[in-house]
Amino acid sequence: MKVGLNWKKGLEWILTSWKSEDDPSTGDYSFRLFSNQTAIPHYFVYKGLAKYWRSNPGPWLNYVSNSEEKYYFLVNDHTSVIRTVLRDYGSYQQLRWNDGDDEWEELWEVPKYRCGNYGQCGANSRCSPENILFECECLPGYEPKSVNDWNRRDGSDGCVSKRIGVSKCGNGDEFVKVVRVKDPDTSRAAQLLTNISANECEQVCLSNCSCTAYLRAEWEGRSDCLFWYGDLMDILVQTELGRDIYVRVDKVELDQNTRKSKGFLRWRGLLAIPIVFVLLAFVLIIVFACWKLKKKRKTEDFVEADEFEATRRHPELQLFDLSTIIAATDNFSPISELGRGGFGTVYKGQLPNEQIIAVKRLSRTSGQGVEEFKNEIALIARLQHRNLVKLLGCCIRGEERMLVLEHLPNKSLDSFLFDHRKRSLLDWKKRFEIINGVARGILYLHQDSRLRIIHRDLKTSNILLDSKMNPKISDFGMARIFHGDQLQDKTNRVVGTYGYMSPEYVVFGRISTKSDVFSFGIILLEIISGKKNNGVYQDDHSVNLIGHVWQLWREGRALEIVDSSLESFQSDEVMRCIQVGLLCVEEDSKDRPSMSAVVFMLSGETSPPSPNQPAFVFRKSSCDDADPLIPKGSDSMNGLTITAFEAR
């Protein structure tokens, strides 16, 4: 497709975003060619009428300009199918179809960092993604326009000349080289001259008092020069792809810097002898301290960082700066807190592009450590399904480890099911959609993804809801990967949540896809009943929901478990779901259906068989208040000990 202009017909070809992920109407973002007659092609992503991201200027290999039209077009390399996408949150991506994995893989995405946003640091400054505390820095000869804002890490007002009102022209002014940066915006006042030497470039700029910077560019055997007039906008430090620009600085500023340098040299000469010894001692102290710190950090952080970086690069994740996360969450303000658990705390945040995110901050005292953190990154990054939470990126700095996830405004399923005020918002139609969505998400993990993944911690609090109450499975910190034809595994470290773990997992530490099937069965019954599995049911003295449902099923009264807040429902659908739920929680894992069979049964394409007695069917006596799921004494239920047992 073309992206550009046809002057003769008055046409413009642009790429627009959707309104949202689920709404294909025209959104806020557009990708278009800047529509002036400059010989330097520029492409922008706009948010409304405001510039949001800018491409590097030419030359473009796939760029056409003639008397009728000017446009850029996507070139297919004839070995794969390629498409470009402008996301509803402003991300411009190029994707390639991978025949081997039957999915789209990302080739590149912009903007990836705060510095990628247009004019992030305002005029006459450069933005460096590698600066941890503050990414903005004024160009030589300039200073912050607003010092207060600059100190608050807000560089949007940019920088101004240190000698406002004083001409930089004809006073011995010179040029200071700024290395490896993205060219300033040439859609503003800029000029291109071709086939001129380096000396001619400098002289042309010096001869025009309005010229603030120039750049020499060599391509296709010729030497060209770009000139800028007025403020310099949208300069980004690009260590590998950037080019050197020369910024005009007046004589007074150069002289002041020279005098400071000479004054320091004279002072250093007078005090050279005593200072040498002091500095030498100081340097030795610093070197020793740095060595100790490096050794400590290497043991605590760098060993993990190498593995982390390899994990991050494999799925091409965005690595967020800590400063970006701090700014997005208002320094992890309690007001931004969405929830907390054994892993730590989740915060709501907003990126500079106004995208709302959820930041999962790993607690330093969490039972989920670095291994679980890297595990979650490796898993979620490679999973793409509408019923799985999307991972946007991650952040690691010292002891700080965070996941940046898509924000789901309705939080978790349990916050609706078990709240007497909110449960009525979930009618049966929506509950049935949630049941099917969760089932499809688990089926993807078990069968349809590139890896066979056992979640191990499926529960209603790990089912998040988007703005339309669609379910998305989250929290993969405890997940396990099965390779090849592997069907089950065994662990000495049993982790999970009481009430959702299968008996063979609790007692023997055996893990399989049927472990997740059991957890899904519990979730299904909780969605239908609006009750927690670990409750006590007075009617038949059952100690949990499974026993209560089984008792009513045997008596032909299964519909009595339906949540009383449901005003209407389809009895046949509910009965089918109850039956599927009981099949999923059967004691013997071999008797439980696979998730593919579950999906078919829920849809009504196949009829579910009659269930056998489920696991964990206990009845509560008047003299025994102990939790029957926790073994008495030091032995587990079958007399075997478990090396480690953790639950949350």
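Bear in mind these aren't lab numbers, they're just calculated from the coordinates by the rules spelled out. Quick caveat, the model's predicted, so the values are computed rather than measured. No Cβ is skipped: glycine too gets one built from the backbone with ideal geometry, and neighbour counts run over all protein chains shown.
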In order over segment 144-151: 3J(HN,Hα) from phi, Karplus 6.51/-1.76/1.60, θ = phi - 60°, whole Hz, x for each Gly or Pro, gives x, 5, 10, 5, 4, 5, 4, 5
Sorted by chain and number, the residues with a modelled amide H under 5 Å from that of Arg180, at a separation of 5 or more or across chains, are Arg243, Asp244, Ile245
Footprinting proxy, His548, His446: sorted fewest to most Cβ within 10 Å, the residues are His446, His548
P(r) over all Cα-Cα pairs of segment 385-485, 10 Å bins from 0 to the longest distance, whole percent per bin, short to long, reads 14, 42, 31, 12, 1
Segment 2-112: Kirkwood hydrodynamic radius (Cα pairs, Å) comes out at 15.1
Long-range amide H partners of Ala123, meaning residues 5 or more apart or on another chain whose placed amide H is closer than 5 Å, are Gly158, Cys159
Rounded to the nearest whole number, the Stokes-Einstein translational diffusion coefficient of segment 369-443 at 37 °C and 0.692 mPa s (Kirkwood radius, C-alpha pairs) in µm²/s is 224
Residue-ordered couplings for segment 9-18, obtained by feeding phi - 60° into the Karplus form 6.51 cos²θ - 1.76 cosθ + 1.60 and rounding to whole Hz (Gly and Pro as x), are 9, x, 9, 10, 9, 10, 10, 10, 8, 6
Of the listed pairs Lys390/Lys590; Lys411/Lys590; Lys19/Lys360; Lys348/Lys422; Lys422/Lys531, those with alpha carbons more than 24 Å apart are Lys390/Lys590; Lys411/Lys590; Lys19/Lys360
Reduced to Cα centres, the span from segment 178-253 to segment 121-164 in Å works out to 20
Note: Phe282 to Ser607 extended length (0.36 nm per residue) minus current alpha-carbon separation gives 109.0 nm
Final fewest-first order of Val359, Val81 on the 10 Å Cβ neighbour count is Val81, Val359
A chain fully extended from Ile164 to Ser197 at 0.36 nm per residue, minus the present Cα-Cα distance, gains in nm 8.7 nm
Of every Cα-Cα pair in segment 125-259, the percentage lying beyond 21 Å is 43
Amide H contacts under 5 Å for Tyr142, restricted to residues at least 5 apart in sequence or on another chain and with H modeled in the peptide plane, are Lys162
Residue-ordered couplings for segment 437-443, obtained by feeding phi - 60° into the Karplus form 6.51 cos²θ - 1.76 cosθ + 1.60 and rounding to whole Hz (Gly and Pro as x), are x, 5, 4, 5, x, 5, 4
Taking r as the C-beta separation of Asn534 and Ile356 and R0 as 41 Å, the FRET efficiency to the nearest 0.05 is 0.75
Listing Leu458, Leu49 by rising number of other beta-carbon atoms within 10 angstrom, fewest first, gives Leu49, Leu458
